[in-house]
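S.K.: Just dropping this structure here.
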Amino acid sequence: MDKSILALVIILTTNFLAAQDATPPVLNPLMYKIAEAASPARLEADIRTLVNFGTRHTLSDTLSETRGIGAARRWIKASFDKISTDCDDCLQVEYQRTLVPAADNRRIPEDTWVVNVMAIQKGTRYPNRYVIMSGDIDSRVSDPLNGTDDSPGANDNASGMAGVIEAARVLSKYEFPVSIIYVGLSGEEQGLFGGQHLAQKALDEGWEILGVLNNDMIGNIEGIDGVIDNTTFRVFSEPTPPNETEQERIWRRFYGGEVDGPSRQLARYIDKMTEQFFTNLDAIMIYRLDRFGRGGHHRPFNDLGFPGVRIMETHENYNRQHQDLRTEDGIAYGDVIEGVNFEYAAKLTGVNMVTLASLASAPPAPEGLMIGGAVQPSTLLEWNASEDPDLAGYVVYWRDTTAPQWQHARYFPANTTAVELTGIVIDNYLFGVASIGKNGDQSLVSYPRTLIPRRR
């Protein structure tokens, strides 16, 4: 059976148990088109261009037109500018500069300007709500302070940066209610400085960030473990925000939610998008902020309480990461273009694009979600009514407390703000609610953070 037909059958039968007088919207057909729109050829061309700058080290040349991080970021801005011209100036393209002092920064030997390149596609209804796709501009070799030697950074992270540019090319052809940001972040290898600057800007200016998709190495399929795999990728996510309050920690202890923070819900969303819109590709959710003892550019956003995840290949090749270009004992070291699989990079770029597009098209997630049902044979959920004009209804989800993904769902029409799940004992499951638009796109799942008052 064709996957699109199968998906519709599933969503209309087993995945949703519709209310008696309501039928849930079907999947948005536009997402199938977007899922396949990333071009391996365009990604290859962009990755090669980035590699040909020789090095993109944060401490490399900023004045040359052909070599160093300065030339690379000017080319990235020019690429965003051209995309904006092609869509009638639909992108706001700009640099973001922050001066990182040498003091107390062991990988910054002298005061250094760290420069991000950002393109904003403003939303038509919620311009201050954002979904963000990021890639890192900079590269490095064995010595983190070596800003002169060749450092191609083909997979780490020209692949992710090229994916961001390609996503801008594709999604700029459409309009979305929510704003989308495409950004190249600098200073990752020296200390996540570009991400810190953008995250702080978002906090200071009151941005509502629905999710940050940090793409860091999305092109390698040949692992150091000998496995060749182009059918899976990893999504790293932390369980709960690190800046949650003591009261929130106490609430979790008694009522659950230890693995239901906003970043984890974002990871589940990506997993669901992959299942619905891609064949022969599986998202592996990793219950970690990042790889063991290592970091990425979603972390600065997480540190400030914003939801963010890292998307990357499943099987890394450490011979091609942070290595001087050389051959030893018959082993070639270095992050060169030959280590990038462009078709695989296109698939992971497609995952990003459908996630961005769906989140940017969906109504806002339910607010004020409350839960009740202690010592009862039913579970109660209540939330605030939504005023979004494109709201079709809500999807109530639940799962076993040990299940990584939502297992059960029930659809309710837009005029619903309270439900009773009869026969479903609150002790045995975890619950959440998502909004669904008339186009079939769903919001992130909201997890209840307070109890329904027993007396009113």
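The values are calculated or read from the model by the stated rules, or taken from the named source; none is laboratory data. All values derive from a computational prediction rather than experimental measurement. Cβ placement follows ideal geometry from the backbone for every residue including glycine, while neighbour counts extend to all protein chains displayed. Side chains are part of the model used for accessible areas, which takes the heavy atoms of the whole protein and leaves out ligands, DNA and RNA. Shrake-Rupley method; radii C 1.70, N 1.55, O 1.52, S 1.80 Å.
S.K.: Carbon-plus-sulfur fraction of the accessible area of the stretch 355-427, 1.4 Å probe, in percent?
M.R.: Numbers: 1500 of 2990 Å².
Percent of accessible area from carbon and sulfur atoms in the stretch 355-427: 50.
S.K.: Can I ask one more? For D400 and V425, calculate 0.36 nm times their separation in residues minus their Cα-Cα distance, and state this gained length in nm to one decimal. Kindly include the intermediate steps, with their values, before the conclusion.
M.R.: Numbers: separation 25, 0.36 × 25 = 9.00 nm, distance 1.10 nm.
Gain on stretching D400 to V425: 7.9 nm.
S.K.: How much accessible area per residue does the stretch 341-456 have, counting only protein heavy atoms and a probe of 1.4 Å, in square angstrom? Could the numbers behind the result be given before it?
M.R.: Values: 4690 Å² over 116 residues.
Roughly 40 Å² per residue, with all protein chains present.
S.K.: Continuing with the same structure: Would you work out which of T402, M370, Q323 lies farthest towards the positive end of the dipole of the stretch 309-456, given +1 charges on the beta-carbon of Lys and Arg and -1 on that of Asp and Glu, about the Cα centre?
M.R.: Of the options given, the answer is M370.
S.K.: Right, next: Can you work out the accessible area per residue across the stretch 171-253, with the rest of the protein chains kept in place, probe 1.4 Å, in square angstrom?
M.R.: Dividing the accessible area of the stretch 171-253 by its residue count gives 38 Å².
S.K.: Please enumerate, by chain and number, the aspartates and glutamates with C-alpha under 19 Å from the C-alpha of K82, excluding those fewer than 8 residues away in the same chain.
M.R.: Result set, ordered by chain and number: E44, D46, E65, E94, E166, E175.
S.K.: Moving on. What nm value, rounded to one decimal, do you get for the distance between N415 and S378 when each label is placed 7 Å out toward the C-beta?
M.R.: The modelled label-to-label distance comes out at 1.9 nm.
S.K.: Please list, by residue number, every one of the chymotrypsin sites (Phe, Trp or Tyr not before Pro) in the stretch 192-265 that is coil in DSSP and has at most 15 other beta-carbon atoms within 10 Å. Show your work: numbers first, answer last.
M.R.: Numbers: sites: F193, W207, F233, F236, W251, F254, Y255; in loops: W207.
Here no chymotrypsin sites (Phe, Trp or Tyr not before Pro) fit, given the DSSP loop and packing criteria.
S.K.: Then there's this: Could you tell me what percent of the accessible area of the stretch 193-352 is made up of carbon and sulfur, with a 1.4 Å probe and every protein chain present?
M.R.: Details: 3220 of 6520 Å².
It is 49 percent, rounded to a whole number.
S.K.: Among the listed pairs K272/K347; K33/K438; K201/K272; K77/K347, give every one whose C-alpha distance is greater than 26 Å.
M.R.: K201/K272
S.K.: What FRET efficiency would be calculated for the residue pair A45, R253, taking the C-beta separation as r and a Förster radius of 60 Å, to the nearest 0.05? Intermediate values should be presented prior to the final figure.
M.R.: Details: r = 52 Å, r/R0 = 0.87.
Efficiency, rounded to the nearest 0.05: 0.70.
S.K.: Quick one: work out the % antiparallel among DSSP beta bridges in the chain, nearest 5. Kindly include the intermediate steps, with their values, before the conclusion.
M.R.: Numbers: 48 of 77 bridges.
Taking every DSSP beta bridge within the chain, about 60 percent pair in antiparallel fashion.
S.K.: On a 0 to 90 degree scale, rounded to 10, what angle separates helix 69-86 from the longest Cα axis of the chain?
M.R.: In the chain, helix 69-86 runs at an angle near 50 degrees to the longest axis.
S.K.: How much of the accessible area of the stretch 142-182, probe 1.4 Å, is carbon plus sulfur, in whole percent? Can you show the working numbers first?
M.R.: Values: 480 of 1060 Å².
Whole-percent figure for carbon plus sulfur exposure: 46.
S.K.: If packing is taken as the mean number of other Cβ atoms within 10 Å per residue, what is the order of 167-173, 135-141, highest first?
M.R.: Numbers: 167-173: 21.7, 135-141: 28.1.
Per-residue mean Cβ counts within 10 Å order the peptides as 135-141, 167-173.
S.K.: Just order 430-443, 143-156 by mean Cβ neighbour count inside 10 Å, highest at the front, would you? Could the numbers behind the result be given before it?
M.R.: Numbers: 430-443: 22.9, 143-156: 21.1.
Most protected by this proxy first, the peptides run 430-443, 143-156.
S.K.: For K173, go through the aspartates and glutamates and keep the ones whose alpha-carbon is under 15 Å away, minus same-chain ones fewer than eight residues off.
M.R.: Output for K173: E36, D81, D86, D88, D89.
S.K.: What residues qualify as long-range amide H neighbours of G219, i.e. H under 5 Å apart, gap of 5 or more or another chain, H built at 1.01 Å from N?
M.R.: For G219, whose amide H was placed from the backbone, the distant partners under 5 Å are E313.
S.K.: In the stretch 185-236, which GluC sites (Glu not before Pro) are in a loop and have at most 14 other Cβ atoms within 10 Å, using DSSP for the loop call?
M.R.: E205
S.K.: Follow-up. Work out the FRET efficiency for T62 and D88 from their Cβ-Cβ distance, taking R0 = 30 Å, and round it to the nearest 0.05.
M.R.: Working: r = 32 Å, r/R0 = 1.06.
Between T62 and D88 the formula returns 0.40.
S.K.: Let me ask something additional. Measure nothing but the geometry: give the 0 to 90° angle between the long axis through the Cα atoms of 3-12 and the longest principal axis through the Cα atoms of the chain, rounded to 10°.
M.R.: Computed tilt is about 30 degrees.
S.K.: If you don't mind, another one. Sort 64-73, 125-134, 297-306 by the packing proxy (mean of other Cβ within 10 Å over each peptide's residues), most packed first.
M.R.: Working: 64-73: 18.7, 125-134: 20.7, 297-306: 24.0.
So the order, starting with the most tightly packed, is 297-306, 125-134, 64-73.
S.K.: Using the heavy atoms of the protein chains alone and a 1.4 angstrom probe, what is the accessible area of the stretch 29-113 per residue in square angstrom? Spell out each step's value before the answer.
M.R.: On the way: 4520 Å² over 85 residues.
With the other protein chains kept in place, the stretch 29-113 gives 53 Å² per residue.
S.K.: Quickly work out the A22-to-I224 label distance, labels modelled 7 Å from Cα along the C-beta direction, and quote it in nm with one decimal.
M.R.: 5.1
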